[in-house]
1. Taking LEU364 and the conditions (1) in contact (Cβ under 8 Å) with a residue 24 or more places away in the chain; (2) outside any helix (DSSP H, G or I); (3) under 31 Å from the mean Cα position of the chain (by Cα), which numbered condition does it fall short on, given that it satisfies the others?
2. Restrict the check to the stretch 323-341 and report whether at least one residue is assigned to a loop (DSSP other than H, G, I, E, B) and either acidic (Asp, Glu) or without any contact (Cβ under 8 Å) to a residue 60 or more places away in the chain (or both).
3. Provide a single number: the residues in the stretch 417-444 that are crowded, with 19+ Cβ neighbours inside 10 Å, over 23 Å from GLU468 (Cα atoms) and not β-branched (Val, Ile, Thr).
4. Can you tell me which residue in the stretch 545-575 is surrounded by the most Cβ atoms within 10 Å (Cβ to Cβ), limited to those that are over 30 Å from TYR357 (Cα atoms) and acidic (Asp, Glu)?
5. Quickly run through the stretch 300-312 and pick out the residues that are part of a helix (DSSP H, G or I) and either on the phi > 0 side of the Ramachandran plot or at pLDDT 75 or above (or both).
6. What are the residue pairs meeting all of these: first residue in the stretch 254-265, first residue over 16 Å from GLY182 (Cα atoms), second residue at pLDDT 80 or above and of a type in the set (Lys, Arg), Cβ atoms under 8 Å, and 6 or more apart or on different chains?
7. ALA207 is checked against (1) touching a Lys or Arg at 6+ places or on another chain (Cβ under 6 Å); (2) loosely packed, with under 15 Cβ neighbours inside 10 Å and fails just one. What number does that condition carry?
8. Can you tell which of ALA456, ALA493, ALA449, ALA466 is outside any helix (DSSP H, G or I) and among the small types (Gly, Ala, Ser)?
Amino acid sequence: MSSSTEADHNHLPVSDAAGARRAAFRLIRLERPAFIRILVLNVLVTVAGLTGPWLLGRIINDVESHGGVGHIDRLAFLILLSAVLQLVLTRYARYLGSRFGERLSAHIREEFLDRVLDLRPAVVEHLVTGDLAARGSGDVNTVTTSMRNAVPDILMAALQAGFVVVAVFVVNPLLGACGVIGLLGLLWATRWYLRRARSAYAALSAANSVLAEVLVSTVQGARTVEALGLQARRLEASDEAIERSRRGRLRTLTLRTVLYPTIDISYVLPIVGVLLVGGALYDHKMISLGAVVTSALYLRQLAGPLETMQIWIDQLQTSAASFARLEGLGELPRSQPSATVVPTDDRIVVNDVHFAYVDGHEVLRGVDLEVRQGERLAVVGPSGAGKSTLGRLLAGIEHTDTGSVTVGGVAVSDLSPEQLRRHIILVTQEHHVFNASVRDNLLLSRPRAADAELLAALGAVGADWAHELPDGLDTRVGPQGHRLDSAQAQQLALSRVVLADPHTVILDEATALLDPTTARNTERALSAVLEGRTVLAIAHRLHTAHDADRVAVMEGGRLTELGTHDALVANARAYARLWNSWHGEQPPPPGRDRSAPGGRDQGLCVK
């Protein structure tokens, strides 16, 4: 279960307390041997720490009964030995605890990355980037810091506190009862705090995510904000997000102002109770002086564990809220595992597909289409007709509500991302340059490609600029390296498509960000690379349709026409109207010689 409010607001779910606990136990089980060793060592540390006060009580009783000096010296030596042993064991326990925390931190970071990379593309595109960024940075850092430091310390403190209370009961049950009564205030305050802290810190984390999203969207859209005069509205939104975060911090601060003074008082009350009751019992010869001193020293040892808990309890609650947010990612739809059935061929079939981004508002309505192997199909239609949505379904980014999309007889939704990308790739005007070398950017598509293949892929899309880079393929590109302009970045992205070598390529404004000359050269270069492959072009400019093998016309989410350019023009329906409207404002498409081999201008059929 997850917090629906949080999920609806931020598009990212938050795990509930039970789910977070199960996840924490699962992480501990991954490091079970190390965890057991830490428990054993901390038990030994605690026992060594309890030995000193018990021996001191023996010394006091011996002195009171006029025992021998030699016996007292031996007890004193044992106290020194127990202190040294405690020091050595504590150091080794902390060493193991730190390593244990580091390994858990590594598991958390790796699991977060694996989960994000394994999300369905459609889910990723719909995420609120500020919330995801806050979880991947702030929440991960908070949890890993706790795993490294807070968890080992609190584990040790809890063991020590438990053993101390038991030890006092062993010395004298009545004094043990006095100590527990003195701790009741601490138990009440801790319970009061924990009942309220989880929701308070979860709300604070959510407020921080909203603040991050507002800041990220404002910075990314700074030019739009300035152009449309939206500064006041963005400042207002920022102020609201900051105020929400401030209120969340004040709420958690209020909780701590109740807890911390209670912990401070709890240091003293058990000792006072033991000394008062123990003194009265000693006066009545009902208990030895050594037992009173030993019990008081034991309870004094509670100061260390309680201080540790005081230091880390705030961090632990923040970490718990962050951990629940990280675990919430596990509730998002995952990519499909590898299908047991392998596509028999490259034929793509769309059968009675219905799809809606929002319930009740269908974007596609009963679409039937067969994309023939090796053909070049243009999909045209007015804005909002469902062209890009159809491309996304074919590429497996979105999944149909009803109906099916298959490749080689296998449902696209049943293929893992690795399998799917070997068959179909969607290329849009959106691109990404990773902050790495040109070689690393290209190897994402084919990890074992040789440099000659990488250079050939760059040359295939007309990226001649790659030969002029200062360090060649080793040149670091991205925000912290050599900056590529939009045209170069798009060509780098298209080179990855060449290396991926799919049998079907869906082009949706793939060269829209290039200047006309570069776009034309890139289209011609891509045409040679894509020869013999299946190409489905989302046609926003109709010269693409003019040169395709077939044209599919979309209207209102339906496929209304399908045929060759000439046949559809002759039909004098929707496509003919689109063509005549566009053709009246454009010069005739150049170079179309239907008597030439292939029956089309190879340079125009891929845009």
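1. Only one criterion is unmet by LEU364, namely (3).
2. Yes: the stretch 323-341 contains one or more residues that are assigned to a loop (DSSP other than H, G, I, E, B) and either acidic (Asp, Glu) or without any contact (Cβ under 8 Å) to a residue 60 or more places away in the chain (or both).
3. 4
4. ASP547
5. ARG300, ALA303, GLY304, PRO305, LEU306, GLU307, THR308, MET309, TRP312, listed by residue number.
6. Pairs that qualify, where the first residue is over 16 Å from GLY182 (Cα atoms) and the partner is at pLDDT 80 or above and of a type in the set (Lys, Arg), are LEU255/ARG196.
7. (2)
8. Working: ALA456 fails: outside any helix (DSSP H, G or I); ALA493 fails: outside any helix (DSSP H, G or I); ALA466 fails: outside any helix (DSSP H, G or I).
Selected residue: ALA449, the only one of ALA456, ALA493, ALA449, ALA466 that is outside any helix (DSSP H, G or I) and among the small types (Gly, Ala, Ser).
The values are calculated or read from the model by the stated rules, or taken from the named source; none is laboratory data. Everything quoted here is computed from the prediction, not taken from an experiment. No Cβ is skipped: glycine too gets one built from the backbone with ideal geometry, and neighbour counts run over all protein chains shown.
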